[in-house]
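Below you'll find the structure, written out as structure tokens, and then a few comments.
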Amino acid sequence: MSDPLNKIKIHIVFEFSDEPTGGGNQFLKSLKNLFKSRGVYEENPVNSDVILFNSHQQAHKVGKLKLKYPNKFFVHRIDGPMRLYNNATDKRDDIVYLADKHLAEATIFQSEWSQQQNHRTGLPQNLFETVIPNAPDPSIFNRIDKKKFSTKRKIRLIATSWSKNWKKGFKIYQWLDENLDLEKYEMLFVGNSPVEFKNIKKIPPVDSKGVAEKLKENDIFIFASPIEACSNSLLEALHCGLPVIGVNNSSNPGLIGKGGEVFDRPGDILVLLEKIVNNYESYQTNINNPKIEEIGRRYYDFITNSCSRFINSGQKHVTFGWLDYAKFIAMIAYYRFAG
């Protein structure tokens, strides 16, 4: 991470939670902790140089900060598009695009797929934008105490999901529940599910440490969600040393790389399981996803470089007065009501 004499201070606008919840919360907590350890985080937005905000969340609060501090540099972290994995009428993307247009001087996407799809579905290109993936907390998600793989016992499969949205791949998990060779495999599902499994063992959501413990007790991670900007669940498994079998779609192939395999049909999973079991150490060795230290450095370098280029180019901050704020809030209310 760059270390200038006068460090740019960053404040993250997000409602952090210690309870089991979505990937954005987990990643931004890790990023915040890293920034704090490097002395570049500011708890009070008044004293910060940069406001980093996330997707559609806390849009009202970000709008107030933009109105009050128009000369601060606002950076928008975007996932989605949400209407691709939820439904075509999901209005949260409209709020994201509205916020990016009226509040952000720079934009960070979590994957090239997310960048391409958001622009395709209507997000104008920002003057400063980049792609930076996520990474989990390395003090929790690591290979320490990972159970050794062995073919002398049943092969242990695991899947996790905080969301019980059917589009997170539950039809595939349901198919596995009915078709896994139970003489050779056992499977655990951690989280919320709309499916009552017959053979897959299910436990309710646990905190990050609990997720890491369960991951390290298992061998292979099954990831059935087809539409992901950059899944934290997937990255958590990889960072714990589990080869992954995931859907061949969206950002999944890029994250999995040579640390696993991707599938197009549920039946492919059974063949790929055999392939990984027979070459387990090779797949595990090929897991090579960047850690939070590198991701944090890329965030900080992009933000500082964008700020510098913004100032040197003579660009003006996004105009946002009281009338703009009133329109912004009214449009957010409309989108939420319409959704």
Requested in this report: Report, by residue number, each residue of segment 177-209 that is out of contact with any Leu (no Cβ under 8 Å at 6 or more places or on another chain), surrounded by 15 or more Cβ atoms within 10 Å (Cβ to Cβ) and not polar (S, T, N, Q).
Outcome: 177, 189, 190, 191, 195, 197, 205, 206
Requested in this report: Filter segment 165-190 down to residues that are under 16 Å from residue 221 (Cα atoms), within 27 Å of the chain's Cα centre (by Cα) and not aromatic (Phe, Trp, Tyr), then give me how many there are.
Outcome: 9
Report task. Pull up segment 80-119, narrow it to residues that are at pLDDT 90 or above and among the small types (Gly, Ala, Ser), then point me to the one that is nearest to residue 165 (Cα to Cα). Result -> 114
Query raised in the report: Among all residue pairs at least 6 apart or on different chains, which show Cβ distances below 7 Å where the first residue, located in segment 156-176, is on the phi > 0 side of the Ramachandran plot and the second is in a strand (DSSP E or B) and crowded, with 20+ Cβ neighbours inside 10 Å?
Result: 169/247
Report summary line: By my count, helices (runs of 4 or more DSSP H) wholly in segment 23-103 with at least 3 residues that are aliphatic (A, V, I, L, M) are 23-37, 59-68, 92-103
Query raised in the report: Is it true that residue 99 is surrounded by 13 or more Cβ atoms within 10 Å (Cβ to Cβ) and over 22 Å from residue 245 (Cα atoms)?
Result: yes
Query - Members of segment 225-250 that are among the small types (Gly, Ala, Ser), crowded, with 23+ Cβ neighbours inside 10 Å, within 19 Å of residue 167 (Cα to Cα) and in contact (Cβ under 8 Å) with a residue 60 or more places away in the chain - result: 225, 229, 231, 233
Query raised in the report: What pairs can you find where one residue is in segment 310-339 and touching a residue at least 12 places away in the same chain (Cβ under 8 Å) and closer than 22 Å to residue 106 by Cα, the other is among the basic types (Lys, Arg) and part of a helix (DSSP H, G or I), and their Cβ atoms are less than 6 Å apart, with a gap of 6+ or different chains?
Result: 320/66
Report summary line: Residue set 310, 302; condition outside the structural domain of residue 181 (by TED's automatic domain parsing), within 30 Å of residue 11 (Cα to Cα) and either touching an Asp or Glu at 6+ places or on another chain (Cβ under 8 Å) or of a type in the set (Lys, Arg) (or both); output residue 310
Requested in this report: Check 320, 337, 302 and return the single one that is over 23 Å from the mean Cα position of the chain (by Cα), of a type in the set (Phe, Trp, Tyr) and crowded, with 16+ Cβ neighbours inside 10 Å.
Outcome: 320
**Report entry** Qualifying residues in segment 162-191 (those that are at pLDDT below 95 and in contact with a strand residue (DSSP E or B) (Cβ under 7 Å, 6 or more places away or on another chain)) - the one farthest from residue 244 (Cα to Cα)
**Finding:** 162
Query raised in the report: When both residues are 6+ apart or on different chains and their Cβ atoms are under 6 Å apart, which pairs have a first residue that lies in segment 48-77 and is more than 18 Å from residue 324 (Cα to Cα), and a second that is polar (S, T, N, Q)?
Result: 76/107; 77/54
Query raised in the report: Quick one: which of 77, 38 is at pLDDT 90 or above, under 25 Å from residue 161 (Cα atoms) and not β-branched (Val, Ile, Thr)?
Result: 77
Query raised in the report: Do you know which of the residues in segment 54-95 that are crowded, with 17+ Cβ neighbours inside 10 Å and small (Gly, Ala, Ser) is farthest from residue 250 (Cα to Cα)?
Result: 63
Report task. Scan segment 267-284 and give yes if some residue there is of a type outside the set (S, T, N, Q) and within 24 Å of residue 139 (Cβ to Cβ), otherwise no. Result -> no
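The values are calculated or read from the model by the stated rules, or taken from the named source; none is laboratory data. Being a predicted model, the structure only gives us computed values, none of them experimental. All Cβ positions, glycine included, derive from the backbone under ideal geometry; neighbour counts span all protein chains shown.
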